[in-house]
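Engineer: Supplied in structure tokens, the structure appears directly below.
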């Protein structure tokens, strides 16, 4: 698993995009319900890939279609609804720390189901990254009062991401990241659209002053945070491994803190310490 500058660049880019997604979800929930947000997000992503579906669907076997559907459901389908539901009750700091469990689930699923080889350095790297994330977020956690059921949605979403990453690494090492994204997301499109049309989305658009504001947030979330980011993420999994790619979830809280500092929030010494632990953890997970 060679270390390349492009892999690190993609990791940083993904952390910026996904680290900003919580803000977009928050804005989208102003006018939309979690069901509307998630289904609209998946519908927009499917529409972006639909023009390329016919070309990319050639020479795809039955087994591949099943695996692609699983990648789509685990990598975006279920998480889209999980995170939308969770953020109706859970603030971004709690969401960030629970999302940081993704590398741990990735390692456990890889070893337990896919017989992926591990090492002490990977385990230590996962532990350091998780500790770093806790240090970054824990000081504000006492201000939040999230209920356990809603926190469970984030944990479920993290498990789904871990499953998706392992599936891509094990079964799609040679198919292009763009092809995987096109096929997986387009498969989700019809079901997402049906779910959307079974809500009161038309009434919301007609009567809610902030409807188009929220829809704009979903559109940006779908194109940047779902469609484009997934292409880069799948590419990162193929070029490195599922564990390293999942370590982007350690950087997401870092991005949130930096954005907060730029917006006038305080930056403390423990932020720097947490960032150093996270960086060390990512480095070790690559060994």
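Only the coordinates and a few stated rules stand behind these numbers; no lab work does. Here the structure is a predicted model, which is why all the values come from computation and not from measurement. Here the Cβ is made from the backbone with ideal geometry for all residues, glycine too, and neighbour counts use every protein chain on show.
Engineer: Can you compute the label reach from residue 199? Point 7 Å from Cα along the Cβ direction, backbone N cut-off under 18 Å, restricted to the stretch 5-45.
Structural biologist: 21-45
Engineer: Using a Gaussian network model on the chain with a 10 Å cutoff between Cα atoms, which of 125, 216, 72 fluctuates the most?
Structural biologist: Of 125, 216, 72, the Gaussian network model singles out 216 as fluctuating most.
Engineer: Moving on to the next point. Mind putting together the pair-distance distribution for the chain? All Cα pairs, 10 Å bins, whole percent per bin, short to long.
Structural biologist: With 10 Å bins starting at 0, P(r) equals 7, 29, 36, 22, 6, 0.
Engineer: Now a separate question. Okay, helix-only estimate at 222 nm for the chain: each DSSP H run of n ≥ 4 adds -39500 (n - 2.57), divide by all residues, round to 500 deg cm²/dmol; what do you get?
Structural biologist: Result for the chain, helices only: -23500 deg cm²/dmol.
Engineer: Using only Cα atoms, locate the centre of the stretch 166-183 and the centre of the stretch 50-116, then give the distance between them in Å, rounded to an integer.
Structural biologist: Taking the Cα centre of the stretch 50-116 as reference, the centre of the stretch 166-183 is 12 Å away.
Engineer: Tell me, what is the percent relative contact order of the stretch 5-285, built from C-alpha pairs under 8 Å that lie six or more residues apart? Show your work: numbers first, answer last.
Structural biologist: On the way: 409 pairs, mean separation 115.8, N = 281.
Normalised by residue count, the contact order of the stretch 5-285 is 41 percent.
Engineer: Can you give the relative contact order of the stretch 183-286 as a percent, counting alpha carbon pairs under 8 Å and 6+ residues apart?
Structural biologist: Contact order relative to length: 20 percent.
Engineer: If you don't mind, another one. With N residues in the stretch 106-235, what two-decimal value do you get for its Cα radius of gyration over 2.2 N^0.38 Å?
Structural biologist: Numbers: Rg = 19.1 Å, N = 130, 2.2 N^0.38 = 14.0 Å.
This ratio for the stretch 106-235 stands at 1.36.
Engineer: In which sequence would 8, 120, 212 go, from the one with the fewest C-beta neighbours within 10 Å to the one with the most?
Structural biologist: So the ranking, lowest neighbour count to highest, is 120, 212, 8.
Engineer: Quick check: pseudo-label points 7 Å beyond the Cα along Cα→Cβ at residue 54 and residue 88, how many nm apart are they?
Structural biologist: 4.0
Engineer: Based on Cα positions only, what radius of gyration and what Dmax would you give for the stretch 1-121, in angstroms?
Structural biologist: According to the Cα coordinates of the stretch 1-121, Rg and Dmax are 17.2, 47 Å.
Engineer: Let me ask another. Evaluate the Kirkwood expression for the hydrodynamic radius of the stretch 155-206, namely the inverse of the mean inverse distance over all pairs of different C-alpha atoms, and round to one decimal in Å.
Structural biologist: About 13.5 Å for the stretch 155-206.
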